[in-house]
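Take a look at the structure set out below.
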Amino acid sequence: MAIDLKPQSAFAVAQQRLERAAQVMNLPDDSLRMLKEVKRELTVHFPVQLDNGSVHVYTGYRVQHNISRGPAKGGLRYAADLTLDMVKALAMLMTWKCAVVGIPYGGAKGGVTVDPKALSKNELEHLTRRYATEIALLIGPERDVPAPDLGTNAQVMAWIMDTISMHTGHSVTASVTGKPVDVGGSQGRHESPGRGITYLTLEGLKYLRIDDETPTVAVQGFGHVGASTARLLQDAGLRVVAVGDSKGAVYNSKGLDLAALREHRQYRGGVSGFKKADDLSPRELLELPVTVLVPAARENQITAENASRLQARLITEAANAAIAPDADDILHDKGIFVLPDILANSGGVVVSYFEWVQDLQAFFWEEEEINTKLHHVITRAFYEVLHLSVNKRLNMRTAAYALAVQRVANANSVRGIYP
Ligand code: NAD
């Protein structure tokens with residue numbers, strides 16, 4: 001028998017997860033068919049003049065999966081391996097993420113197939129401004145609002161906002177979120193994914209009645225999300241015993257000195273070799289006997305291959321799709337409680353929503369108010385998902401998807417089909 005060795009399409013995986021949720025909620029077939037496809041997919045090819053005078057033609061995308069509940073919302077990724085299939089999958093994920101936390105957006109994603117580290121700052125700015133111009137026919141405060149994702153940051157968002165504003169003739173600060181505070185960004189936006197992950201982890205521990213005196217934590221990934229999550233969990237009284245990045249990991253059973261580790265990483269380019277801890281391999285970190293594991297690096301880190309060896313009691317899936325679909329049932333059977341990505345890392349999009357609201361009303365809130373509102377939205381979503389999970393005997397991922405899919409299907413249904 002021939003074996004199919006083709007890697008599974010990310011969009012096909014996203015569609016399978018949708019189908020499972022639709023089945024649980026007894027969604028009518030017509031409704032499922034409408035949700036299975038993306039609404040719009042734009043591919044652009046555009047030239048950029050590099051510093052040496054040569055011209056390179058890049059490919060970029062903007063995909064809107066669904067806009068029934070409000071403007072499309074989703075990040076921009078600059079990555080060498082970015083494909084349309086991946087962008088479609090991530091756009092669909094954004095629809096569910098916004099719906100599960102109950103913010104009035106649809107889902108979108110975009111980006112450029114490029115290694116941003118291979119470009120100078122000048123080249124990155126030219127690439128960004130031209131890409132923004134190419135997708136300008138789709139984006140805008142009422143239509144589709146981009147934000148940072150892997151390979152992009154607040155500076156890239158400022159260039160996009162400026163480009164859209166130049167075309168419009170006045171400052172359109174609400175056209176993107178994740179901007180610097182100086183140009184309409186929100187207080188607390190930078191740390192918001194880590195803060196949401198922290199709030200949810202604490203609720204998860206409470207629900208599981210884990211009464212260890214000091215729960216222990218391992219965090220995979222020490223970038224934007226991983227580093228702030230580690231610090232905020234430590235501030236909340238948990239003991240962060242292991243942290244890893246793409247090159248290595250470090251472990252100290254008494255807890256890591258995170259400030260010293262950040263300094264070490266700046267100097268050495270990675271966490272390995274940190275004097276106050278033992279080195280581990282990045283894979284070993286995932287299998288430590290900790291209370292909480294936070295995969296905050298990349299997709300497909302927990303698979304059918306290693307899931308049975310995991311020993312954590314709670315996994316907060318900070319990175320999108322860190323857990324492969326074939327690992328979900330194994331973790332469930334082992335009794336490991338999983339806070340799934342669409343819920344776990346929604347803190348970023350919730351505070352993006354606050355940023356957009358502040359830009360539209362031109363009135364800005366203090367950080368304390370942002371964090372209080374974030375806590376309210378995230379905790380409400382946690383208990384809504386938990387309620388469905390317990391009532392329908394579903395794992396938390398299926399429950400989160402089911403809740404989100406039902407909300408979007410309701411919006412489609414009540415709006416009806418035009419014309
Ligand atoms: P980042 O690039 O700042 O950090 C990624 C970290 O993961 C780095 O420390 C890197 O060394 C490490 N890493 C990469 N490959 C690894 C591997 N194979 N094993 C172990 N470590 C590895 O990225 P980020 O912004 O922190 O994003 C991390 C994840 O969180 C992504 O999946 C992203 O989509 C998701 N996310 C990010 C945001 C955001 O606002 N930045 C919001 C929600 C979700």
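Quick rundown of the values:
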{"quantity": "Whichever residue in the range 92-106 is among the small types (Gly, Ala, Ser) and open to solvent by less than 10 Å² (accessible area, probe 1.4 Å) and, among such residues, is farthest from Pro340 (Cα to Cα)", "calculated": "Gly106"}
{"quantity": "Tally, over the range 268-306, of residues that are within 15 Å of the ligand (Cβ to nearest atom) and either over 27 Å from Tyr207 (Cβ atoms) or part of a loop (DSSP other than H, G, I, E, B) (or both)", "calculated": "24"}
{"quantity": "Selected residue (criterion: most open to solvent (accessible area, probe 1.4 Å)) from residues of the range 257-282 that are more than 16 Å from Lys247 (Cα to Cα) and among the acidic types (Asp, Glu)", "calculated": "Glu263"}
{"quantity": "Single residue of the range 211-227 satisfying the filter (over 13 Å from Ile315 (Cβ atoms) and within 16 Å of the ligand (Cβ to nearest atom)) that is most open to solvent (accessible area, probe 1.4 Å)", "calculated": "His224"}
{"quantity": "Top-ranked residue in the range 370-408 [being in contact with a helix residue (DSSP H, G or I) (Cβ under 7 Å, 6 or more places away or on another chain) and of a type in the set (Phe, Trp, Tyr); ranked as farthest from Gly106 (Cα to Cα)]", "calculated": "Phe382"}
{"quantity": "Members of the range 332-345 found to be more than 9 Å from the ligand (Cβ to nearest atom), open to solvent by less than 10 Å² (accessible area, probe 1.4 Å) and under 19 Å from Ala230 (Cα atoms), listed by number", "calculated": "Leu339, Pro340, Leu343"}
{"quantity": "Selection within the range 307-331 - more than 12 Å from the ligand (Cβ to nearest atom) and either open to solvent by 10 Å² or more (accessible area, probe 1.4 Å) or assigned to a loop (DSSP other than H, G, I, E, B) (or both)", "calculated": "Ser308, Arg309, Leu310, Gln311, Ala312, Arg313, Ala324, Pro325, Asp326, Asp328, Asp329, Ile330"}
{"quantity": "Every residue from the range 107-130 that is surrounded by 18 or more Cβ atoms within 10 Å (Cβ to Cβ), within 22 Å of the chain's Cα centre (by Cα) and assigned to a helix (DSSP H, G or I)", "calculated": "Pro116, Thr128"}
{"quantity": "Members of the range 153-184 found to be touching an Asp or Glu at 6+ places or on another chain (Cβ under 6 Å) and either within 16 Å of the ligand (Cβ to nearest atom) or in a helix (DSSP H, G or I) (or both), listed by number", "calculated": "Trp159, Thr173, Ala174, Thr177"}
{"quantity": "Residue match in the range 367-386 (condition: open to solvent by 10 Å² or more (accessible area, probe 1.4 Å) and on the phi > 0 side of the Ramachandran plot)", "calculated": "no"}
{"quantity": "Subset tally (residues that are under 20 Å from Leu150 (Cα atoms) and either of a type outside the set (Gly, Ala, Ser) or assigned to a loop (DSSP other than H, G, I, E, B) (or both)) for the range 211-247", "calculated": "12"}
{"quantity": "Of the criteria (1) among the hydrophobic types (A, V, I, L, M, F, W, C); (2) more than 9 Å from the ligand (Cβ to nearest atom); (3) within 23 Å of Val385 (Cα to Cα), which one Leu256 fails", "calculated": "(3)"}
{"quantity": "Subset of the range 283-306 [open to solvent by 20 Å² or more (accessible area, probe 1.4 Å) and among the polar types (S, T, N, Q)]", "calculated": "Asn300, Gln301, Thr303"}
{"quantity": "Failed condition for Asp245, given (1) acidic (Asp, Glu); (2) open to solvent by 50 Å² or more (accessible area, probe 1.4 Å); (3) within 11 Å of the ligand (Cβ to nearest atom)", "calculated": "(2)"}
{"quantity": "Matching option when the condition is within 13 Å of the ligand (Cβ to nearest atom) and over 19 Å from Ala319 (Cβ atoms), among Glu367, Glu355", "calculated": "Glu355"}
{"quantity": "Test: residue in the range 38-49 that is within 30 Å of Met396 (Cα to Cα) and in a helix (DSSP H, G or I)", "calculated": "no"}
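The values are calculated or read from the model by the stated rules, or taken from the named source; none is laboratory data. Just so you know, these numbers come straight off a predicted model, no measurement behind them. With ideal geometry, Cβ positions are generated from the backbone for all residues, glycine too; neighbour counts draw on all protein chains shown. Only protein heavy atoms, including side chains, enter the accessible area calculation; ligands, DNA and RNA are left aside. Shrake-Rupley method; radii C 1.70, N 1.55, O 1.52, S 1.80 Å.
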